[in-house]
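Here the structure comes first, spelled out in structure tokens, and everything after it is commentary.
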Amino acid sequence: MTLIGAVAPAKGNDALVYHLSDAKYFAQHHLVTFIPYTNSSIYPYFVEMFFTLAMLFDNPVLAKLFHFSMASIGSLAIYSFGRRYINREVAFLAAAIFFLTPGVFTQATYAKNDIAWAFYSFMSFYAILLRDSSSERRLLLFAGVMCGIAADTKYIGLITPVAIGLIIIIKGFLHRENHKDLIKSFTLFAITVIVVIFPYYIRPYWYTGNPLYPFYVRYIGENGWYRPSGFGMDKNLLNFILSPWSLTFYPGKIFGGNESQLSPIYLAFLPVLFFLRKRGKPILLISIFAGIFYFFWFFKFPAVRYILPIIPFLALLCGYVIWAMYSRSKFFGYGIKTIFSIFLVLNFGLCIYYNREEMAFFSKGANVEDYLATHDRSSKIFQYINKNTLPTSKVLLVNEIRNFYLDRDHIRELYYRIYDKYQLKETDAIIDDLEAKGITHILYAESRNKKVDKMPISGQVNTFSVLIKNKKFVNEYLNEMVEMYYDFDPLQKRMYRLYSLK
């Protein structure tokens, strides 16, 4: 079912705003560079380099399959780890739990990078546990490379090398390593991480003077998920303790993402881990890593999809608990097995539910334009622009940040306002500036109608959201070409109006 979703046409807000759209720009210009009037194009873009490769073949589905492959290979890695350090039964359970977690099988159908982050994080942990005296340097280098790549998927991927670095120290103390040898190992690991992340973090510094642009402009960011209240849950100790419940049952309300939700299976079985004896060092280290990561996640980056890097670890712990409970009592074990089976069946049902529209797409002849017109609010108007404007046209996008399916040069009004502060100019000066930039069309999107029939006076903020509603401005400077509506998703109802400049 997940594979069906992965080979359907690309959709999803982040994918269409920057993951794929920036990769498309890189491929078209044969250059990985700062894209004017964006802030995303100098993010750490390791995974997006695979997407760029796909876009060289004009194949966004191939980009989606890169991300899908991370989930598939990740399941195999979890199985390998579980079989090596625990047993075959736990390995199988953990791999199944991981892939049937809703946040995994839904994200695997999008051209995003969260599962890749999870995969590289897990592989770095795997390498640290494999490390012994005969393969000390080789596996430390491998772990450093994997951690560096994890950090190269996105800025918050820096959590991974921090957590793995702490695991190296903790494992060293557990195995009573010589302190000098431990310091040497940690130093080698840290240097490797720095070397790997350097190219991706020097890019934003080169362009902006800030290696974490657009974050930490002054010091630690204090907006969005970074502010003390996060997504509506204050970042305090009590909420930290209660957060697993909210994360499981209210992911969209508090942590901003229903599609990335976890399964109740973790909440049902993981607490039992505290009552099991003889857990062994692998289970202990898995638990410590998960705890460290969760701590940083909650107090700094509490978005639900950013929890994915510890799902492989939670799946292993959950599989271990189920196996341990089943092994202790056959009678009790059958009940556990039944409950576990019910969870997996329900999750498989969710997998079918989330991919139902993609199954319908293929069963009805795979009409891409009709599918996109239904599932992406901007696709229909972009199809019109691509077919009815000259290839040399350039569009100003007002109130619409999705741009992947637009095959014309364009500028998002949001960044035009941020970077050039055009709204502080007089109306005539704004139009002159648009013409100087080669703008030939304006696409205006509106989610609700508010009548504004006043010409902004001198000194007023002349944003296009205001100007475009003014009849005098429109009559003097613009020609209306078409008006379209998107009504399929009640939460994203839009009216689009396309204008050409006179």
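The values are calculated or read from the model by the stated rules, or taken from the named source; none is laboratory data. Here the structure is a predicted model, which is why all the values come from computation and not from measurement. Quick reminder, even Gly has a Cβ in these numbers, built from the backbone with ideal geometry, and neighbours come from all protein chains shown.
So the values come out like this:
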{"read-out": "Any hit, the range 69-92, residues being closer than 30 Å to residue 284 by Cα, under 16 Å from the mean Cα position of the chain (by Cα) and surrounded by fewer than 22 Cβ atoms within 10 Å (Cβ to Cβ)", "value": "yes"}
{"read-out": "Looking only at the range 155-202, and only at residues there that are among the polar types (S, T, N, Q) and surrounded by 14 or more Cβ atoms within 10 Å (Cβ to Cβ), the one that is nearest to residue 213 (Cα to Cα)", "value": "160"}
{"read-out": "Qualifying position, being crowded, with 22+ Cβ neighbours inside 10 Å and assigned by TED's automatic domain parsing to the domain that holds residue 242, among 310, 339", "value": "310"}
{"read-out": "Only listed residue being within 29 Å of the chain's Cα centre (by Cα) and farther than 30 Å from residue 61 by Cβ, chosen from 141, 174, 188, 100", "value": "141"}
{"read-out": "Helices (runs of 4 or more DSSP H) enclosed by the range 173-284 - at least 3 residues per element that are at pLDDT 75 or above and under 22 Å from residue 162 (Cβ atoms)", "value": "179-208, 237-249"}
{"read-out": "Pair list, Cβ under 6 Å, 6 or more apart: the range 417-429 residue farther than 13 Å from residue 467 by Cα and surrounded by fewer than 18 Cβ atoms within 10 Å (Cβ to Cβ), other residue of a type in the set (Asp, Glu) and at pLDDT 90 or above", "value": "none"}
{"read-out": "Any hit, the range 57-75, residues being more than 28 Å from residue 122 (Cβ to Cβ) and assigned to a helix (DSSP H, G or I)", "value": "no"}
{"read-out": "Residue match in the range 77-100 (condition: within 20 Å of residue 273 (Cβ to Cβ) and of a type in the set (Asp, Glu))", "value": "yes"}
{"read-out": "Among (1) in contact with a helix residue (DSSP H, G or I) (Cβ under 7 Å, 6 or more places away or on another chain); (2) over 25 Å from residue 12 (Cβ atoms); (3) small (Gly, Ala, Ser) - the single one residue 74 does not satisfy", "value": "(2)"}
{"read-out": "Matching residues, the range 346-404, being free of Cβ contacts under 8 Å to residues at least 40 places away in the same chain, among the hydroxyl-bearing types (Ser, Thr, Tyr) and more than 23 Å from residue 415 (Cα to Cα)", "value": "353, 363"}
{"read-out": "Sole exception among (1) exposed (fewer than 12 other Cβ atoms within 10 Å of the Cβ); (2) at pLDDT 95 or above for residue 442, by number", "value": "(1)"}
{"read-out": "Answer from 127, 150 - the residue that is in contact with a helix residue (DSSP H, G or I) (Cβ under 7 Å, 6 or more places away or on another chain), buried (at least 24 other Cβ atoms within 10 Å of the Cβ) and of a type outside the set (Asp, Glu)", "value": "150"}
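Residues checked against (1) closer than 22 Å to residue 24 by Cβ; (2) modelled with pLDDT under 90; (3) outside any loop (DSSP other than H, G, I, E, B):
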| site | (1), (2), (3) |
| --- | --- |
| 392 | yes, no, no |
| 405 | yes, no, no |
| 414 | yes, no, yes |
| 448 | no, yes, no |
| 456 | no, yes, no |
| 460 | no, yes, no |
